[in-house]
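Reading through the structure tokens given below for one structure.
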Amino acid sequence: MEKQNTRFITTVVLAFVVALLTTMGALWLGGGKSAEDSPLTAQQGQAILAELKQVRQAIDDLQAPSEERRPQAPNDEPVSISLLNRPVLGNPRAPLTLVEFTDYQCPFCARFHSQTLPQIKKNYIDTGKLRLVVMDLPLTRIHPMAFKAAQGTLCAAEQGKFFQMSDALFQVSNKLDLQAITAAALKVGLDGKDFSDCINSERHNDRVEESLKLAVSKGFSGTPSFLLGTSGENQVQQAQKLIGAQPYSVFEKAIEAALAVK
């Protein structure tokens, strides 16, 4: 399997390189002129840089840890955890709780939020059957801005917009820096000065670390990772693990099974 992945990555990279060289050749030799007679314009240089960024992103996505990319079979061993007083999406008294451990630079977390979560929200959260709690598992080795983004969501929570900020960050997960995080805060209507003061103070560092340590203590090492279980006061009980970028059908089956027991 590892050899197949390596061959696949190599094929993709070579394809991008060929496309890049073709583009450069067209730009430099257009009109029948030599490269010396046709220096690159600023616009042409930007086009080449854009191609290089696509190569970098493709390599990063393909080389991400397997836990981040691949769905895994649910672990049946039940788990109970504190919700660490995190914001709740949905009815606080919903019978079931879904906990997501996430990373704001993880492309598969972003895909969950854009494709799978809307269906879960429509069918289970909005109907009062399930509540969602998002916690942090920043994979800082490969995603250097994930920790800072997590801080940003907790700063947004101070202004009552945790989930709006979370959604906004996933929309720019492939180009996160401090400027993008600040722009996301303004986009969702946060007070800019209060947000900047909060994120610059790093006063939520301990809360992000607390979530990270909790995730690791329960055996999670990649994102997205989930716990689905019975709701308690600031906790989830008897929860099963769902690991990886699972399709909606997997969540639906697990939720329906849990509801049937209630």
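Considering only residues that are assigned to a loop (DSSP other than H, G, I, E, B) and without any contact (Cβ under 8 Å) to a residue 60 or more places away in the chain, which ones fall in the stretch 93-132? Within the stretch 93-132, 126, 127, 128 qualify. In the stretch 240-262, the residues that are in a helix (DSSP H, G or I) reach residues that are of a type in the set (Ser, Thr, Tyr) with C-beta atoms within less than 7 angstrom, at least six apart or across chains, in these pairs: 248/116; 251/116; 255/124. Of all residues in the stretch 181-200, none are under 21 Å from residue 225 (Cα atoms) and surrounded by 16 or more Cβ atoms within 10 Å (Cβ to Cβ).
Every condition in (1) in contact with a Cys (Cβ under 7 Å, 6 or more places away or on another chain); (2) within 22 Å of residue 97 (Cβ to Cβ); (3) not polar (S, T, N, Q) is met by residue 258 except one, and the failing one is (1). Right, residue 135: within 25 Å of residue 221 (Cβ to Cβ) and touching a residue at least 60 places away in the same chain (Cβ under 8 Å) or not? Considered against the rule, which asks whether it is within 25 Å of residue 221 (Cβ to Cβ) and touching a residue at least 60 places away in the same chain (Cβ under 8 Å), residue 135 comes out as yes.
In the stretch 221-253, the residue that is modelled with the lowest pLDDT out of those that are among the β-branched types (Val, Ile, Thr), within 19 Å of residue 108 (Cα to Cα) and buried (at least 21 other Cβ atoms within 10 Å of the Cβ) is 243.
The values are calculated or read from the model by the stated rules, or taken from the named source; none is laboratory data. Computed from a predicted model, the values in this text were never measured in an experiment. Glycine gets a Cβ as well: all are built from the backbone with ideal geometry, and neighbour counts include every protein chain shown.
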